């Protein structure tokens, strides 16, 4: 278990340096900073750069410039996920040793074909809270020799959590439901986690060291984060993070999922959709007070 050494409130802003920050990021960064100040706590900065192909030093520099322009201060040093791959791997190895994860070999195309065949028969294929079809479960029972043969043949695979086994272990280890404490803009109070809604989630990909779920859970514990403040788009993912915390003996922070900023078409602001970057607004003469007004703070 990774202990929280300091009990003062500790928050974090954790952008991915794979593009330039937009107003949605500004809302999250400012909300974190405002809450840290109100609680007389500390704000940390983490670069979630496990995607080593898309994340670049130039984007990180742009993020730092934007945060300074927004007058947001954080405690040094900046934590970079790319510097902690061995830390994430050690946690994965523990789950492998406990037989709670398995190598999954199906490609996206193969999964898509299986889902289409079932739905073409008029049957329902379960989907996760984001609308993606759940991964098929037959590989949970692949015999060890076949697994080793495929790995030795350099077949691409990901490590997936066996959700049924993980939940069974938690039920045998604790009384009562798995919950988290929520103070955000949606439902508040003790929220019952539903990690089963996500199926056998990926914890380690063939094309990236670690996964978001595993690395963010471990990082929050390692940094002693007491309050996770992030957008409502990650509300349901908290169920997976609470499960991993319980499996790995990690502390559970308080969660605060804030409102999202939406574009004119009602979709969430996104780097991939080319929404206006803060750097563009800055170059156009905007000041940080303008950004606070634009995000509704």
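Computed from the coordinates by the stated procedures, all read-outs in this text should not be read as laboratory data. Everything quoted here is computed from the prediction, not taken from an experiment. For neighbour counting, all protein chains shown are included, and Cβ atoms are generated from backbone atoms with ideal geometry for every residue, glycine included.
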- prompt: For the residue pair residue 53 and residue 248, what label-to-label distance in nm results when each label sits 7 Å from Cα along the Cα-to-beta-carbon direction?
  reply: 2.4 nm
- prompt: To the nearest 0.05, how large is the calculated FRET efficiency for residue 290 and residue 270 if R₀ is 25 Å and r is the Cβ-Cβ distance?
  reply: 0.70
field: Inter-label distance for residue 171 and residue 152, nm, one decimal - labels placed 7 Å from Cα along Cα-to-Cβ
entry: 3.7 nm
- prompt: If you take every DSSP beta bridge whose two residues both sit in the chain, what share of them, in percent to the nearest 5, is antiparallel?
  reply: 50 percent
task: For residue 34 and residue 96, calculate 0.36 nm times their separation in residues minus their Cα-Cα distance, and state this gained length in nm to one decimal.
output: 18.3 nm
- line: Helix 57-69: inclination vs the chain longest Cα principal axis, degrees, rounded to 10, gives 40 degrees
statement: Of 122-130, 251-259, ordering from highest average Cβ density within 10 Å down gives 251-259, 122-130
message: Could you compute Rg(Cα) / (2.2 N^0.38 Å) for the stretch 119-249, with N its residue count?
response: 1.18
query: Angle between the Cα long axis of helix 108-120 and the longest principal axis of the chain, 0 to 90 degrees, nearest 10?
result: 70 degrees
- request: Given the options 221, 208, 14, state which has the largest fluctuation in a GNM of the chain using a 10 Å cut-off (strictly under) for Cα springs.
  value: 208
- request: Calculate how steeply helix 23-38 sits against the longest principal axis of the alpha-carbon atoms of the chain, using the helix alpha-carbon long axis, and give the answer as 0 to 90 degrees to the nearest 10.
  value: 80 degrees
field: Ellipticity estimate at 222 nm from DSSP helix runs (n ≥ 4, -39,500 (n - 2.57)) divided over the chain, nearest 500
entry: -11000 deg cm²/dmol
statement: One finds the C-alpha centres of the stretch 239-297 and the stretch 153-205 to be spaced, in Å, by 23 Å
message: If I stretch the segment between residue 71 and residue 114 completely, what's the gain in nm (0.36 nm per residue apart, minus their alpha carbon distance), one decimal?
response: 10.4 nm
